[in-house]
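Colleague: Quick one: the structure is below, questions incoming.
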Amino acid sequence: MSRKMMSNSSLKPICSVADMAAMLGLSRARFYQLLDQHIFPYPVYCTRTKRPLYTMELQKDCLAVRETNIGYNGAYILFYSARKEKSEAPAEKSSRSSKVKNTLHEEFAQTLCRMGLSVDAAKVGSAIEELYADGIEDKEQGVIIRELFRYFKGLS
């Protein structure tokens with residue numbers, strides 16, 4: 001079920017607490033916090049299974065609380081806006097991985113400088129691309145440093 005709020009036309013005759021939280025775009029934990037504060041109405045319990053359930057009327061009440069920002073107890077409640085769509089996440093992930101690569105290249109450059117070579121992160125990055133076309137994710141750092149040292153010394 002999506003994290004976006006559902007409209008009144010898509011209500012079920014009965015739903016669980018988890019479904020109600022999902023309809024409101026809230027986590028179950030946050031929904032229970034707000035339930036304890038009497039922001040949302042309490043569920044009814046099935047006498048046979050003792051399971052909490054929301055009837056259609058209670059679902060409408062919960063959605064009204066979310067839409068009006070006035071709790072079931074009459075208190076004002078501000079909800080944070082929904083999180084950004086997942087389509088933006090891969091761009092963040094790729095920029096995060098490039099930052100990690102740059103940091104790793106800088107660390108390799110510092111290590112090689114301590115070993116007597118005069119290199120910077122850009123040179124290390126181009127050498128890594130030349131030496132490891134498949135990437136360095138599965139390689140040990142010690143082996144990478146050794147191969148970079150040999151590369152810059154002209155020993156390979």
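Colleague: Would you pick out the residues in the stretch 26-51 that are surrounded by fewer than 16 Cβ atoms within 10 Å (Cβ to Cβ), in contact with a Phe, Trp or Tyr (Cβ under 8 Å, 6 or more places away or on another chain) and not in a loop (DSSP other than H, G, I, E, B)? Walk me through how you get there before you give the answer.
Modeller: Our first condition is that a residue be surrounded by fewer than 16 Cβ atoms within 10 Å (Cβ to Cβ); within the stretch 26-51, this holds for 27-30, 32-33, 36-38, 42, 44-51.
Still in the list and also in contact with a Phe, Trp or Tyr (Cβ under 8 Å, 6 or more places away or on another chain): 38, 44, 51.
Residue satisfying the conditions is Val44 alone.
Colleague: Consider Met20 against the criteria (1) within 21 Å of Ser10 (Cβ to Cβ); (2) in a loop (DSSP other than H, G, I, E, B): it satisfies all of them except one. Which criterion is unmet?
Modeller: Of the numbered conditions (1) within 21 Å of Ser10 (Cβ to Cβ); (2) in a loop (DSSP other than H, G, I, E, B), the odd one out for Met20 is (2).
Colleague: Taking the residues in the stretch 52-82 that are aliphatic (A, V, I, L, M) and part of a loop (DSSP other than H, G, I, E, B) as candidates, determine which candidate is farthest from Ile39 (Cα to Cα).
Modeller: Among those residues, the one meeting the criterion is Ala82.
Where a number appears in this text, it was derived from the coordinates with a stated rule and is not lab data. What you are looking at is a predicted structure, and each value in this text was computed from that prediction instead of being measured. Here Cβ is always computed from backbone atoms with ideal geometry, including for glycine, and neighbour counts include all displayed protein chains.
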